[in-house]
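A.B. asks: After the structure tokens below, expect a handful of questions from me.
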Amino acid sequence: MKLLKLFIALNLSINVALTPLSTYAAPKVIEQVAAVVNNNVILESDVNDMLKTIKASADPRTLPSDKVLRHQIIERLIVENLILQKAAKAKITISDDEVTGAIDQIAADNGMTIDQLRSKLSSMGISYSTYRERIHNDILIDQTRMHEVRPRIKISPREVEHLTKTMANQPTNNIDVKISHILIAIPEKASKLQIDTATNKAMDIINRANKGENFAKLATSYSNDDLALKGGSMGWKKINELPTIFEERLIRAPKGSIIGPIRSGVGIHILKVDDTHSEAPQKITLQEFNARHILIKTNVLVTDQVAKQKLTDIRKAIINGSTTFAAAAKANSEDTGSKDSGGDLGWNRPDVYDNGFRSALLQLKKGEISQPIRSSYGWHLIQLIDTRQTDGTNLVKKDQAYRLIFNRKFAEEAQVWIQELKGDAYIKITGEGKNE
């Protein structure tokens with residue numbers, strides 16, 4: 001199959017395959033190839049399908065000429081093809097149920113039933129099977145990117161602590177920016193000429209944007225990242241989750257600003273501030289629970305039924321006054337960390353517990369003892385001792401800081417990873433998508 005694909009790719013000028021004359025069959029049209037990616041090909045029909053979808057859903061004022069748009073589509077499909085090849089190599093798969101669930105959610109988010117979504121797609125000239133395959137590939141690409149990039153990200157406690165303090169000292173927090181982005185890519189070992197050419201191109205784009213040209217159209221025409229076909233829109237972002245080199249330039253930038261050129265390891269960036277939003281710091285309150293429990297673990301001899309019955313008997317003994325919860329925990333619990341203190345777990349947020357345990361705990365009233373419940377650790381009796389409200393501002397800020405740092409590093413590493421994929425691949429663009 002690989003040899004066949006490569007043969008097709010290398011014979012792009014041939015668009016008919018003639019059967020032997022003895023069969024008197026009509027010529028068969030061979031699908032034209034838009035690009036070769038290693039041993040795979042991107043077909044002109046793939047490009048045409050995406051072109052049709054974009055032109056049917058986008059604002060025409062943001063779109064460049066068909067020739068430019070086709071080139072950007074081919075670049076996008078090349079990256080997707082490389083990621084899908086990586087997914088196959090890593091044996092990452094997506095189930096039909098995951099695809100169905102994603103489509104159901106898309107329909108719900110747009111206030112449609114599945115039948116209405118099918119009708120909408122049909123009116124756009126897109127078959128449901130083609131759309132379903134597109135969603136499958138999107139999910140697979142996202143999961144592969146996460147699988148490959150996440151292990152490259154390292155976050156130290158010091159980084160989290162530093163960002164937490166930085167956010168605490170800001171006059172406002174939750175600083176959000178809605179931005180659009182253009183990347184002019186530069187090869188890893190670029191020559192001075194390549195760097196100068198990219199810089200001049202970026203400066204030309206900045207000048208045109210400052211003179212009022214549509215930024216989305218410029219992004220669709222020239223950007224080398226995967227947001228190009230969305231007009232470069234990055235949507236709303238927390239300012240602290242953006243790359244540091246962006247954050248420094250955006251912190252005081254007013255709406256409508258064109259920012260750049262900004263040089264990074266992957267190229268030259270241009271930003272447009274579409275909108276900004278900020279809020280005054282707010283105190284965050286968390287609920288904590290003080291609980292105790294008795295744990296019975298299952299094994300070859302102690303089945304679920306045996307463990308559940310034992311706890312049922314213990315619960316009856318506690319309720320009728322034959323023993324206390326603390327005494328029963330000391331005598332029976334297999335949680336070595338809490339049994340000596342009568343099963344006391346101390347004050348904790350409910351999210352620290354196993355799902356089954358947490359679900360039962362949240363349903364208890366003060367002083368109430370649960371029925372035997374199952375968790376991943378075994379069977380439990382739980383008693384809720386008390387609840388309280390605590391100031392969780394710093395804790396929540398630390399969680400937020402970690403997520404922001406992760407998002408920032410993920411975006412940076414994903415760009416580098418894509419460059420590496422392209423650098424290690426054989427890529428040949430042909431036909432209408434080829435740069436003149």
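A.B. asks: Looking at the stretch 232-243, I want the residues that are closer than 9 Å to Lys178 by Cα and have a partner that is modelled with pLDDT of 85 or more and part of a loop (DSSP other than H, G, I, E, B) with Cβ atoms under 8 Å, at least 6 apart or on another chain. Which pairs are those?
C.D. replies: Correct list of pairs: Ser233/Leu227; Met234/Leu227.
A.B. asks: Here is a check on your reading of the model: is Asn210 over 23 Å from Arg76 (Cβ atoms) and open to solvent by 30 Å² or more (accessible area, probe 1.4 Å)?
C.D. replies: When the stated conditions are applied, Asn210 passes them.
A.B. asks: Condition first: open to solvent by 40 Å² or more (accessible area, probe 1.4 Å), more than 30 Å from Pro187 (Cβ to Cβ) and not in a strand (DSSP E or B). Now tell me which residues in the stretch 377-419 satisfy that.
C.D. replies: Those that are open to solvent by 40 Å² or more (accessible area, probe 1.4 Å), more than 30 Å from Pro187 (Cβ to Cβ) and not in a strand (DSSP E or B): Tyr377, Asn394, Leu395, Val396, Lys398, Asp399, Tyr402, Arg403.
A.B. asks: For the subset of the stretch 51-74 comprising residues that are touching a Leu at 6+ places or on another chain (Cβ under 7 Å) and either of a type in the set (Val, Ile, Thr) or under 21 Å from Ile418 (Cβ atoms) (or both), which member is modelled with the lowest pLDDT?
C.D. replies: That would be Ile54.
Here's the yes/no breakdown for (1) closer than 18 Å to Asp399 by Cβ; (2) in contact (Cβ under 8 Å) with a residue 40 or more places away in the chain:
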{"residue": "Ile126", "(1), (2)": "no, yes"}
{"residue": "Arg145", "(1), (2)": "no, yes"}
{"residue": "Lys165", "(1), (2)": "yes, no"}
{"residue": "Ala168", "(1), (2)": "yes, yes"}
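A.B. asks: Taking Gly265 as meeting all but one of (1) over 20 Å from Asp196 (Cα atoms); (2) surrounded by fewer than 16 Cβ atoms within 10 Å (Cβ to Cβ); (3) not aromatic (Phe, Trp, Tyr), write down the number of the exception.
C.D. replies: (1)
A.B. asks: Open to solvent by 40 Å² or more (accessible area, probe 1.4 Å), out of contact with any Phe, Trp or Tyr (no Cβ under 7 Å at 6 or more places or on another chain) and in contact (Cβ under 8 Å) with a residue 60 or more places away in the chain: is that true of Ala202 in this structure?
C.D. replies: The answer is no for Ala202.
A.B. asks: Here are some residues: Arg315, Arg374, Arg292. Which one is charged (D, E, K, R), out of contact with any Phe, Trp or Tyr (no Cβ under 8 Å at 6 or more places or on another chain), in contact (Cβ under 8 Å) with a residue 40 or more places away in the chain and assigned to a strand (DSSP E or B)?
C.D. replies: Residue meeting the stated conditions: Arg374.
A.B. asks: Same structure again: Just to verify a result, which residue in the stretch 74-127, among those that are assigned to a loop (DSSP other than H, G, I, E, B) and under 17 Å from the mean Cα position of the chain (by Cα), is nearest to Gln415 (Cα to Cα)?
C.D. replies: This residue is Ile92.
A.B. asks: Now a separate question. Inside the stretch 327-355, can you point out the residues that are on the phi < 0 side of the Ramachandran plot and open to solvent by less than 30 Å² (accessible area, probe 1.4 Å)?
C.D. replies: Correct list: Ala328, Ala329, Ser333, Ser338, Pro350.
A.B. asks: Here's another thing I want to ask about it. Identify, by number, the condition in (1) under 22 Å from Arg145 (Cβ atoms); (2) at pLDDT 85 or above; (3) open to solvent by less than 40 Å² (accessible area, probe 1.4 Å) that Glu241 doesn't meet.
C.D. replies: (2)
Residue-wise test of (1) within 30 Å of Val36 (Cα to Cα); (2) modelled with pLDDT of 90 or more; (3) loosely packed, with under 14 Cβ neighbours inside 10 Å.
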residue	(1), (2), (3)
Arg76	yes, yes, no
Ile83	yes, yes, no
Ile92	yes, yes, no
Gly101	no, yes, yes
Thr113	no, yes, yes
Ser119	no, yes, yes
Ile126	yes, no, no
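A.B. asks: Something else about it: Please work out which one of (1) of a type outside the set (A, V, I, L, M, F, W, C); (2) open to solvent by 40 Å² or more (accessible area, probe 1.4 Å); (3) out of contact with any strand residue (DSSP E or B) (no Cβ under 6 Å at 6 or more places or on another chain) is the condition Thr164 fails and give its number.
C.D. replies: (2)
A.B. asks: Output the residue which, of all residues in the stretch 128-149 that are charged (D, E, K, R) and open to solvent by less than 70 Å² (accessible area, probe 1.4 Å), is nearest to the chain's Cα centre (by Cα).
C.D. replies: Going through the qualifying residues, I end up with Arg145.
A.B. asks: Restricting to the stretch 32-48, name every residue that is in contact (Cβ under 8 Å) with a residue 60 or more places away in the chain, more than 21 Å from Ser223 (Cβ to Cβ) and either over 28 Å from the mean Cα position of the chain (by Cα) or in a helix (DSSP H, G or I) (or both).
C.D. replies: If the condition is that a residue be in contact (Cβ under 8 Å) with a residue 60 or more places away in the chain, more than 21 Å from Ser223 (Cβ to Cβ) and either over 28 Å from the mean Cα position of the chain (by Cα) or in a helix (DSSP H, G or I) (or both), then Gln32, Val33, Glu44 are the ones that fit.
Results for (1) without any contact (Cβ under 8 Å) to a residue 24 or more places away in the chain; (2) in contact with a helix residue (DSSP H, G or I) (Cβ under 9 Å, 6 or more places away or on another chain); (3) not β-branched (Val, Ile, Thr), shown as yes or no for each residue.
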{"position": "Met50", "(1), (2), (3)": "no, yes, yes"}
{"position": "Ser57", "(1), (2), (3)": "no, no, yes"}
{"position": "Leu77", "(1), (2), (3)": "no, yes, yes"}
{"position": "Asp96", "(1), (2), (3)": "yes, yes, yes"}
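A.B. asks: Residue under question is Arg150, and the condition is that it be of a type in the set (D, E, K, R) and within 23 Å of Lys52 (Cα to Cα); does it hold?
C.D. replies: no
A.B. asks: What pairs come out if I take residues in the stretch 246-266 that are among the hydroxyl-bearing types (Ser, Thr, Tyr) and pair them with residues that are surrounded by fewer than 16 Cβ atoms within 10 Å (Cβ to Cβ) and not in a loop (DSSP other than H, G, I, E, B) whose C-beta lies under 8 Å away, six or more apart or interchain?
C.D. replies: That search, which allows pairs on different chains as well, returns Ser264/Ile245.
A.B. asks: Consider Lys422 carefully, then state whether it is more than 23 Å from Met234 (Cα to Cα), out of contact with any Pro (no Cβ under 6 Å at 6 or more places or on another chain), assigned to a helix (DSSP H, G or I) and in contact (Cβ under 8 Å) with a residue 24 or more places away in the chain.
C.D. replies: no
The values are calculated or read from the model by the stated rules, or taken from the named source; none is laboratory data. Note that the coordinates shown come from a computational prediction; the quantities given were computed from them, not determined experimentally. Ideal geometry is used to build each Cβ from the backbone, glycine not excepted, and the neighbour counts take in all protein chains shown. We work out accessible area using only protein heavy atoms, side chains counted, and drop any ligands, DNA or RNA first. Shrake-Rupley method; radii C 1.70, N 1.55, O 1.52, S 1.80 Å.
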